[in-house]
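A short reminder: the numbers here are calculations on the coordinates, not readings from a lab. Being a predicted model, the structure only gives us computed values, none of them experimental. Every residue, glycine as well, gets a Cβ built from its backbone with ideal geometry; the counts of neighbours run over all protein chains shown.
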Amino acid sequence: MSWNVGAVVGLALLNAALVLVLAPLAEGVMRKLRALIHSRKGPPIRQPYLDLAKLLAKEDLRVTPGLFYAVMPSLTLGAVLVLATLVPMGARPPLGFAGDVVVLLYVTAASAVLMMLTAFASRSPYAFVGGSREMMLLMAVEPVMAVALVTGAVKAGSLSAGAIMEWNAANGPTLSMAVAGFALLLALQAQAGRLPFDIPEADQEIMGGTFIEQSGPRLALFRWAMWAKQLVVALLLVELFVPWPRFGLLPVDLVLALVKAMVVLLLVAVIDAVNPRLRIDQAISYYAKVAFSSLAALAFAVIGM
Amino acid sequence: MAAQSLLGWCVALLGVGAAASLIVSRRRELAGWVALVAVAIAWVPLALLVVAGFSRGVPEFDVLALPSLGARLAVAVDPLSALFLAVTAVIALAAVLYSVHYMTHYRADGVAKFYPVLLVFFAATIGVLVTQDLLFFLVFWELMTLTSFFLVIFERESPASQRAGLKYFVITHAATLCMLAAFLLLWRQSGSFHLAAAREAMGVMLVERPLTAHLVLLLLLIGFATKAGVLPMGDWLPDAHPVAPSGMSAVLSGALVKLGIYGLIRVFCGLLPAASSFGWGVVIALAGTGSLLVGALTALRQNDSKRLLAFSTIGQIGYICLALGVGVACLAEQPALAVVALAGALLHLVNHACFKSCLFMGAGAVLFRTGERDLDRLGGLWHQMPATAGSTTVGSLALAGVPPFNGFASKWLIICSCLLAGLQRPIFMVLGLVALFASLATLAYVLKVLGAVFFGAAQRRFVVDEVPVSMALPQVALAGLCVLLGVLPQLPLRLVSPAVTAAVPGGIPAAGDVLGGLLGISITVDGATVAGWAPLLVLATGIVLSALVWGLQRMGGATVREVPVWNCGEEHDSGIVRYAASSFYLPFKQAIAGIYPRLSLRAPRFPSPVRRTLEMDSWLYLPVARLMERVSHSTSRLHVGVPQVYLMWIVLGAIIVVGLVMVVAG
């Protein structure tokens, strides 16, 4: 395997930095759209940046002493940024050789694990309720993502995300990839923590659940991590399942990918704006149905469609 | 030193240790230290034996021969045996060190029935792993089963422990019977109990009498899978693990159930020719998948910390069996993938020994200090038992396969092998997806344990200390091993690879060609790299990025203040406002309620005349007893407590005696 250390490090940093910088922007645009659907004026698009700046400067109130609890928010956002280096953005994923789609699935879960551990460590019963719901939702959503990614792996004959992207770009749309991409889109709604699946936070019900005891800089990092995660999963969706057109020129492909991801996120925002929250058992049975239906994608892939 | 004398020394030291700890068993701690010293010294020859096994292999030699039976105690150590010996040795040392203090909290039961039996158990395990002869294999196997049975029923006065022991005894002996039948069938074919002869016999039988050959394989599958804890035969496991002393639970999960896997590998990779292995591979993989799904989901529903871990062992053994099945099935058609799958199975076995022993010791440490195994009643122990909490957290995350801990490396290999094999045979892809889902369920239950035991608030305020160093040290060491083997999976892989090669006598591609990678593991099939996992690189990226984010967090210059938990303004004791372990995942648990059915078996009833005859109480004992009672009752009426009456009796008696004497004399 021949790879240039400098290029890998540069691309990895580029991916992480892009996600870090652009995630609040995407969130701002989504909020604006949501407001428009509600016939409100809505906050300015730069509002998420202002929120972060304000939160970072506020007092840091902690209910649990100790280093373990203190570093959790940075580790969570760090895990999401690692995920960003495993996802193709305009080019093969920079750390694609170090982690294939199975690693990608586990790293996606890892950021959720860190959030749940923080919730449990904050000792609030509301956080426990939130953490327990988050885990159930994860159990329901991850299989859908897994089926979608494995469908790609079957088509490409490789478990590497870059290989799946290149195969799809070269061979054009197929039925199985379309079904798998649609399943991943449905999974994105919950991965982004959006209505109707914002059940772990459920502000009106358990007051932020997982994050009830987080404030100031800690809350800023967790919010940032959530926004970054929705952007990364959207990028994964568009790069693996809608990689056309492809120019082979990094800046062009990158901008194209970001635009496509933004469109996907706007779709997510629309669903978010027009839906009420589901109960957790309804969400589980919904995603169970999606997972079983998405097996059709796998079946199509196996018979070569 | 010759291998023969190394093995001799090893067994002799364990025997001397057993005797010595029996002599001093009145003093609990001293007996423990004596056993520990014995195991530690026995480590030296064992380690040399393992090194010899890995480097050049210990050629076969006879210790004892029974020519009339066609049996001889032939001993050899190949890399596969050496790998299992190494795992057993590590777990043995950790478990004995842990037990030194742990065993002091049993009041009613003496350690005379713990340390000596445990050391004999280790010796028997070594015997199982090195012998090349089926008859002596069975002898050692039986010795191992019996000693472990006595360790399970250690608590004499606990009915649960006795019941679990009986179940273990009955089920494992039924399994041993299956193995005995299979070995006898092989012996009838070849006239010898030797492993190589059995291999030839199996080859001949598959051609001449395929039905018998497959019957032999089925019997061996049942026999070994029972010991390994594969459902449904593994039903003994969730009862036996929780009731054994925690050090022994660690050994049961870390070493004993692994021997079932050892047997399966020897049979289905060694005895069975690759050409006819596909069907059996699918059977093993399906059994493993069933086990891993049911084990994980049932563990999710448990509220007893050790019982939960026992079900989790069933689940993890399921992973190993799944990989083993995929490996066996791929032997003929895709030998490169067979290497990946078998390496995944063996690596997961090594990893599972590390984290599950660590977790059982952690659960034992909590039990030792608080006397509780009920997750609903525990809580908030993080700051009181930091070493236990930290190592249990690491072990739990490793169990759940969170990168970069060791459980992830092996689960990654297993799932990749399933998915890649699935490109040809879609069934394996479905099994791989089930395994992925089960690892999420695993994550769910370990988070429940962590949340319930170490985080959260205690219902009764437990004011406890950390466990003594001798109990904390093995936990921390095993947790450290979980991190080390996770970050540098190429190190254990270097031991696993020769074991894979040794497991398949028919020849298999060298593991180095398939599983390469300088920084981690990469899978190369037909010259193309199809999957990769480089933990060091990903971990380094994560650390660098997290550090940058940490800098970002500190940029605002926020001041830190500690505050109490906010319960909506109400001031409650934190022990009252808490989320109990049994409340976790309720909707999900309700959905899977029927996944582990309970059979309630009734003892057979004899026909009533027989039953009446057997009830000797009613026709023999009770009538006699009642008669005696009546007689003594009427006798007691004479004892009225008035001296005059007694005097009257004496006078009457004297008159009667005098009368008798006169009659006799006259």
Next item on the list: Could you state the angle between the C-alpha long axis of helix A:216-241 and the longest principal axis of the C-alpha atoms of chain A, as a value from 0 to 90 degrees rounded to the nearest 10?
Entry: 20
Notebook entry, point to check: Around A:Ile284, what is the net charge, scoring Lys/Arg as +1 and Asp/Glu as -1 over all other residues with Cβ under 12 Å from its Cβ?
Noted result: +3
Notebook entry, point to check: Among B:Lys167/B:Lys589; B:Lys306/B:Lys589; A:Lys229/B:Lys356; A:Lys289/B:Lys589, which pairs are too far apart, with a Cα-Cα distance over 23 Å?
Noted result: B:Lys167/B:Lys589; A:Lys229/B:Lys356
Notebook entry, point to check: Under unit Cβ charges (Lys, Arg +1; Asp, Glu -1), what dipole magnitude, rounded to 20 debye, does the stretch A:5-302 have relative to its Cα centre?
Noted result: 540
Margin query: Report the Cα centroid-to-centroid distance between the stretch B:627-666 and the stretch B:54-70 in angstrom, as an integer.
Written below: 81
Next item on the list: Would you mind working out the magnitude of the charge dipole of the stretch B:3-538 relative to its Cα centre, with +1 at each Lys and Arg C-beta and -1 at each Asp and Glu C-beta, to the nearest 20 Debye?
Entry: 820
Margin query: At 0.36 nm per residue, and after removing the present C-alpha to C-alpha distance, how many nm does the segment from B:Leu177 to B:Ile543 gain when stretched out fully?
Written below: 126.4 nm
Check: Longest segment of chain B with no chymotrypsin sites (Phe, Trp or Tyr not before Pro) in a DSSP loop having at most 16 other Cβ atoms within 10 Å?
Finding: B:107-565
Notebook entry, point to check: Mind checking the angle between helix B:115-130 and chain B's longest principal axis? C-alpha axes, 0 to 90 degrees, to the nearest 10.
Noted result: 40
Note to self: Cross-link candidates for A:Lys41: which lysines have Cα within less than 26 Å, leaving aside residues fewer than 8 places away along the same chain?
What the structure shows: A:Lys32, A:Lys54, A:Lys260
Notebook entry, point to check: What net charge is computed for the residues neighbouring A:Ala57, neighbours being all others with C-beta under 15 Å from the C-beta of A:Ala57, Lys and Arg scored +1, Asp and Glu -1?
Noted result: +3
Checklist line | Signed unit charges on C-beta, dipole axis of chain A, positive-most listed residue A:Met207, A:Phe300, A:Leu236 | finding: A:Met207
Check: In terms of Cα to Cα distance under 17 Å, which aspartates and glutamates are near enough to A:Lys58, apart from those fewer than 8 places away along the same chain?
Finding: A:Glu213, B:Glu562
Notebook entry, point to check: Which one of B:Ala174, B:Val661, B:Leu413 is farthest out on the positive end of the charge dipole of chain B, using unit charges on Cβ (Lys, Arg +1; Asp, Glu -1) and the Cα centre as origin?
Noted result: B:Val661
Note to self: Could you give me D for chain B, from Stokes-Einstein at 4 °C and 1.567 mPa s, where the hydrodynamic radius is the Kirkwood radius over C-alpha pairs? Units µm² s⁻¹, please.
What the structure shows: 47
Notebook entry, point to check: Taking the alpha carbon gyration tensor of the stretch B:419-506, what are the square roots of 5 times its eigenvalues, largest first, to the nearest whole Å?
Noted result: 37, 24, 9
Next item on the list: Give the Rg/Rh ratio for the protein assembly as shown, taking Rg as the radius of gyration of the Cα atoms and Rh as the Kirkwood radius, to two decimals.
Entry: 1.08
Next item on the list: Could you pull the Rg and Dmax for chain A, using just the Cα atoms, both in Å?
Entry: 18.9, 58
Notebook entry, point to check: Could you give the longest part of chain A that holds none of the chymotrypsin sites (Phe, Trp or Tyr not before Pro) found in DSSP loops with at most 13 neighbouring Cβ atoms within 10 Å?
Noted result: A:4-246
Check: Where in chain B lies the longest segment free of GluC sites (Glu not before Pro) that are both loop residues by DSSP (not H, G, I, E, B) and have at most 15 other Cβ atoms within 10 Å?
Finding: B:334-569
Check: Can you give the helix-only mean residue ellipticity at 222 nm for the protein assembly as shown, where every DSSP H stretch with n ≥ 4 adds -39500 (n - 2.57) and the sum goes over all residues, rounded to the nearest 500 deg cm²/dmol?
Finding: -23500 deg cm²/dmol
Check: Out of A:Ser132, A:Ser39, A:Ser293, any idea which swings most in a Gaussian network model of chain A, alpha carbons joined below 10 Å?
Finding: A:Ser39
Note to self: How big is the dipole moment of the stretch A:1-156 about its Cα centre under a simple scheme where the beta carbon of each Lys and Arg is +1, that of each Asp and Glu is -1, and everything else is neutral? Debye, nearest 20, please.
What the structure shows: 600
Next item on the list: Name the residue farthest towards the positive end of the dipole of the protein assembly as shown from the options A:Met72, B:Ala124, B:Phe183, assuming +1 on Cβ of Lys and Arg, -1 on Cβ of Asp and Glu, about the Cα centre.
Entry: A:Met72
Notebook entry, point to check: Which distance in Å, rounded to a whole number, links the C-alpha centroids of the stretch A:186-215 and the stretch A:222-273?
Noted result: 21
Notebook entry, point to check: Taking amide hydrogens as modeled 1.01 Å from N in the peptide plane, which residues meet the under 5 Å criterion relative to A:Arg62, leaving out close sequence neighbours?
Noted result: B:Arg561, B:Glu562, B:Val563
Next item on the list: Treating cross-link reach as a plain straight distance, find the aspartates and glutamates whose alpha-carbon is under 16 Å from the alpha-carbon of B:Lys113, omitting any fewer than eight places away in the same chain.
Entry: B:Glu29, B:Glu155, B:Glu157
Note to self: Explain nothing, just compute: Karplus ³J(HN,Hα) = 6.51 cos²θ - 1.76 cosθ + 1.60, θ = phi - 60°, for every residue of the stretch B:432-441 in order, whole Hz, x for Gly and Pro.
What the structure shows: x, 5, 4, 4, 4, 5, 4, 6, 5, 4
